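Novice: I'd like to ask you about the structure that follows.
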Amino acid sequence: VRHLSAVFFLMIRRPPRSTLFPYTTLFRSTAQIIKNNVRTIDIVGRYGGEEFVVILINAVAEDILKTAERICKRIASHRFEMDGQKLSIRISIGVASFPTDGNSETDLLHASDAAMYATKGKGGNGVTVYQPGMQLKYHSF
């Protein structure tokens, strides 16, 4: 069976905690932007905290990167609004593919997480494709 799936994590860089903007609204709006920019066969889910996972089914590398970049631009340029309060966020995306970057769900999550944190380390609002040797520094699964 020849399937190429890809996973990427999205991390919302929240504004200072002093803001009164409801995070539930922020996460729902972000999820909707993501869903509007992937195919109906793809899977979108919140992984926890400020992270989302997107699984692109039978996608080719160039389409995966284009999709990730499109989502990044749409979220970064979106002005979230509620009760007259406006907010913009920064997003960091890491991309990893099966089986190139891992042979199990855990391997794929580690790889995409490492790539996401590489993006975050560069200031966010971008996409990083996993490269062998990237180290997972922040999470343990």
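Novice: Work the Kirkwood hydrodynamic radius out for the chain: mean of 1/r over every pair of different alpha-carbon atoms, inverted, in Å. Show your work: numbers first, answer last.
Specialist: Numbers: mean 1/r = 0.0656 Å⁻¹.
Roughly 15.2 Å, rounded to one decimal.
Novice: Percent of accessible area on the stretch 41-132 owned by carbon and sulfur, 1.4 Å probe?
Specialist: Values: 2360 of 4650 Å².
Roughly 51 percent of what the probe reaches on the stretch 41-132 is carbon or sulfur.
Novice: Lys35: which aspartates and glutamates have alpha carbons under 16 Å from its alpha carbon, excluding same-chain residues fewer than 8 sequence positions away?
Specialist: Partners within reach: Glu51, Asp63, Glu69.
Novice: In what order, largest first, do Ser88, Ser112 sit by accessible area if the probe radius is 1.4 Å?
Specialist: Working: Ser88 60, Ser112 0 Å².
Putting Ser88, Ser112 in descending order of accessible area: Ser88, Ser112.
Novice: May I ask you to give the solvent-accessible area per residue for the chain, in square angstrom, as obtained with a 1.4 angstrom probe? Each step should come with its number before you reach the end.
Specialist: Details: 7940 Å² over 141 residues.
With all protein chains present, the chain gives 56 Å² per residue.
Novice: Most fluctuating residue of Gly84, Gly49, Gly123 in a GNM of the chain with Cα springs under 10 Å: which is it?
Specialist: Judging by the Gaussian network model, the answer is Gly84.
Novice: Separate question: With every protein chain left in place, what is the accessible area of Asp63 in Å² (1.4 Å probe, nearest 10)?
Specialist: Surface accessible to solvent at Asp63 totals approximately 70 Å².
The values are calculated or read from the model by the stated rules, or taken from the named source; none is laboratory data. Only a predicted model underlies this, so the values are computations on that prediction, with no experimental measurement involved. With ligands, DNA and RNA removed, areas are computed over all heavy atoms of the protein, side chains included. Shrake-Rupley method; radii C 1.70, N 1.55, O 1.52, S 1.80 Å.
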